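*Asks:* Below is a structure I'd like to ask you about.
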Amino acid sequence: MRAIRIDRFGSPEVLDLVEDRRPLPGPGEVLVRTVATGINPVDDKTREGAIGEGTPPLPLTLGWDLAGVVVDGGTSQLRAGDRVFAMSHQLDTARGTWADLVALPAEAVALAPRTVSLVEAATLPLPGLTALQTLDWLAVSAGERLLVAGAAGAVGGLALQIARARGVAVDALVSRDGQAAFVREHGAGLVSTDPAAFGGRRYDAVFDTFGAFVTEAVADGGRYASIATQAGPVPDLSARGVRTTVHQVREDGAGLAELARLVDEGALRPRVHATYGLHRIGEAHERFREGGLTGKIVVTF
Ligand SMILES: NC(=O)c1ccc[n+]([C@@H]2O[C@H](COP(=O)([O-])OP(=O)(O)OC[C@H]3O[C@@H](n4cnc5c(N)ncnc54)[C@H](OP(=O)(O)O)[C@@H]3O)[C@@H](O)[C@H]2O)c1
């Protein structure tokens, strides 16, 4: 089977399309044939060597996300032929999804949304689980006010939509005026490129996707979650009674099932910027690095 591996760190040129051994699913695992996968910032950082400590030893198959078809459901409820999607915590397990066949714990896999293609489903696992798990930590409920910093990005765009589906009032900090239409269309109220527009400590919760640290936005007694690990911890706001965290995503089949439900109910819309065949993986990475995207870069098998 084919896999995308690196045996050294560097530019997209280090990405190699290789022949690899077919994985043998262990107890409790499911074997999936990959149809599509997405490129996430962590893949780019891993390839470059920017993760540092915590990167599994080389050579390494990259990739966190997949959408595909079950080949062997093992002892799980899943059956051969089921359409599924999954997130593999590739840095923890060295189990990359950029391969024709991937064996994963059944608990990390869920039935894909019925109403979208597997290409669209492949945009969801890592960004969607990050959005869902962080919103759950923030515990924002209907009628509360949430600020999403980076609301037009992959994680931010899904967080905005999930929060709106939960009846939360969402404002949006974006990087460019061109992103305003997208976030307004998905129900954002106040939209600005200026962090100062969100002062006054009036938000019950802040979801920070890029290390904006807009701490003057959060109300006393509120919650502030960042996912920007590389930006370091959120400043200590305990004197104001604000709880803070830097959330780390985890494998979560139940979370994926929740994302699938939201998609099928029309509350969550996947976004594909462009699709590349596996043999164009280098080009796909170059496009990802250029930025200015309106959705995910998807790679098809
Ligand atoms: N901790 C975890 O478990 C976890 C999980 C997933 C992701 N992450 C991290 O979270 C970050 C976001 O991931 P993602 O997939 O959502 O990336 P993304 O799609 O690139 O989204 C980031 C968004 O933030 C915007 N942004 C960046 N700098 C900004 C600024 N100064 N002002 C306003 N907006 C700004 C970007 O705008 P432009 O497009 O204009 O740059 C983009 O819309 C990445 O660093 C990723 O590694 C962490």
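*Asks:* What order do T193, T300 take when sorted by accessible area (1.4 Å probe), most exposed first?
*Replies:* Solvent-accessible surface, decreasing: T193, T300.
*Asks:* With n ≥ 4 as the cut-off for DSSP H runs, can you work out [θ] at 222 nm for the chain, using -39500 (n - 2.57) per run divided by the number of residues, rounded to the nearest 500?
*Replies:* Helix-only estimate at 222 nm: -6500 deg cm²/dmol.
*Asks:* Okay, moving on. How large is the accessible surface of L17 in square angstrom, using a 1.4 angstrom probe and rounding to the nearest 10?
*Replies:* Estimated to the nearest 10 Å², L17 gives 80 Å².
*Asks:* Counting only residues 5 or more places away or on other chains, whose amide H sits under 5 Å from the amide H of D72 once H atoms are built in the peptide plane?
*Replies:* Answer set, sorted by chain and number: L31.
*Asks:* Further question on the same structure: Quick check for you: with a 1.4 Å probe and neighbouring chains kept, what is the accessible area per residue of region 127-246, in Å²?
*Replies:* Accessible surface, normalised per residue, equals 37 Å².
*Asks:* Same structure, new question: Largest first, how would M1, M87 line up by accessible area (1.4 Å probe)?
*Replies:* M1, M87
*Asks:* Take the alpha carbon gyration tensor of the chain, find the square roots of its eigenvalues, order them as a ≥ b ≥ c, and report rounded if a/c is under 1.5; if not, report prolate when a/b exceeds b/c, else oblate.
*Replies:* prolate
*Asks:* DSSP loop GluC sites (Glu not before Pro) in region 1-101 with at most 10 other Cβ atoms within 10 Å of their Cβ, which ones?
*Replies:* Numbers: sites: E13, E19, E29, E48, E53; in loops: E53.
In loop regions of region 1-101 (DSSP not H, G, I, E or B), the sparsely surrounded GluC sites (Glu not before Pro) are E53.
*Asks:* Oh, and also: Relative contact order of the chain: what whole-number percent is it, with Cα pairs under 8 angstrom and at least 6 residues apart? List each step's numbers first, then the result.
*Replies:* Numbers: 720 pairs, mean separation 54.2, N = 301.
The value is 18 percent.
*Asks:* I've got another one for you. With springs only between Cα atoms under 10 Å apart, run a GNM on the chain and tell me which of Q133, Q179, Q230 wobbles the most.
*Replies:* Among Q133, Q179, Q230, the largest GNM mean-square fluctuation belongs to Q230.
*Asks:* Give me the percent of accessible area attributable to carbon and sulfur for region 127-246, probe 1.4 angstrom.
*Replies:* Working: 2310 of 4490 Å².
Ligands and nucleic acids excluded, carbon and sulfur reach 51 percent.
The values are calculated or read from the model by the stated rules, or taken from the named source; none is laboratory data. Please read these numbers as outputs of a predicted model, since none were measured by experiment. Cβ coordinates were reconstructed from backbone atoms using ideal geometry, including for glycine residues, and neighbour counts include every protein chain displayed. Side chains are part of the model used for accessible areas, which takes the heavy atoms of the whole protein and leaves out ligands, DNA and RNA. Shrake-Rupley method; radii C 1.70, N 1.55, O 1.52, S 1.80 Å.
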